[in-house]
Amino acid sequence: MTPRLPKAELPAELQENLIKQFGVVPENLEVMWNSPRAARAVQEFAGEVGAWDAVDATLKSFAHMAVAAQVGCSWCLDIGYFQARNQNLDLTKASQVPCWRESEVFTSLERDVMGYAESMTNTPPTVTDAQYASLLDRLGPVAMAELTAYIAFVNLATRANVATGVRSQGFSDVCEIPLAARPDRSGAASTA
């Protein structure tokens, strides 16, 4: 599918930096660059969010991919798995995030974080007091605040990609383990 918004030309220096980092220019940034102001703001916030460290990188990665799988953002699943590889996270687990409910590789905390990410992503959100309290007990208030804001940001990014028609660019093709497909729960085809 072609993005619904034409790709805009990025500044040469930015293109070069992105190619060094990812091997290609991410299409979602090219699409958002139709408004450089909006694209820069999202990039800056993504940088801030990425620097938060009260939540374990693995938990954030799994939360990101759980949101992406639920929303149907193949670009986010693709880049999330690629980044998990580059952060030396457990690729066996990361590859199973799209089908985390059926997989037996995750800890109780990892499952609860992915469940929380999905509950926040539901429209309307379905987070329960018990669900929140359980995570708060194990993570603490700083990590819980950061995790909540992180998942909210990931929702912004995944939904923007889906709305603009941005699809996977094959970042995860370099990963040794194939990314699992999301189980079909709605009768629609999987987007993973």
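Of note:
- Some residue of the range 88-111 being surrounded by fewer than 18 Cβ atoms within 10 Å (Cβ to Cβ), in contact with a Ser or Thr (Cβ under 9 Å, 6 or more places away or on another chain), without any contact (Cβ under 8 Å) to a residue 12 or more places away in the chain and of a type in the set (Ser, Thr, Tyr): no
- When Ala8, Ala39, Ala66 are screened for being closer than 29 Å to Ser119 by Cβ, open to solvent by less than 50 Å² (accessible area, probe 1.4 Å) and either assigned to a helix (DSSP H, G or I) or at pLDDT 95 or above (or both), only Ala66 passes.
- Residue check for Thr126: surrounded by fewer than 22 Cβ atoms within 10 Å (Cβ to Cβ), under 19 Å from Ala143 (Cβ atoms) and of a type in the set (Val, Ile, Thr): no
- Any chance Glu16 is assigned to a helix (DSSP H, G or I), among the acidic types (Asp, Glu) and within 20 Å of Ala143 (Cβ to Cβ): no
- Scanning the range 1-57 for residues that are among the β-branched types (Val, Ile, Thr) and touching a helix residue (DSSP H, G or I) at 6+ places or on another chain (Cβ under 6 Å) yields a total of 4.
- Residues in the range 19-36 that are more than 22 Å from Cys175 (Cα to Cα) and part of a helix (DSSP H, G or I): Leu29, Glu30, Val31, Met32, Pro36.
The values are calculated or read from the model by the stated rules, or taken from the named source; none is laboratory data. This structure is a prediction, so every number in the text was calculated from the model and none was measured. Counting neighbours? That spans all protein chains shown, and the Cβs are built from the backbone with ideal geometry, glycine included. For accessibility, only protein heavy atoms count, side chains too; no ligands or nucleic acids. Shrake-Rupley method; radii C 1.70, N 1.55, O 1.52, S 1.80 Å.
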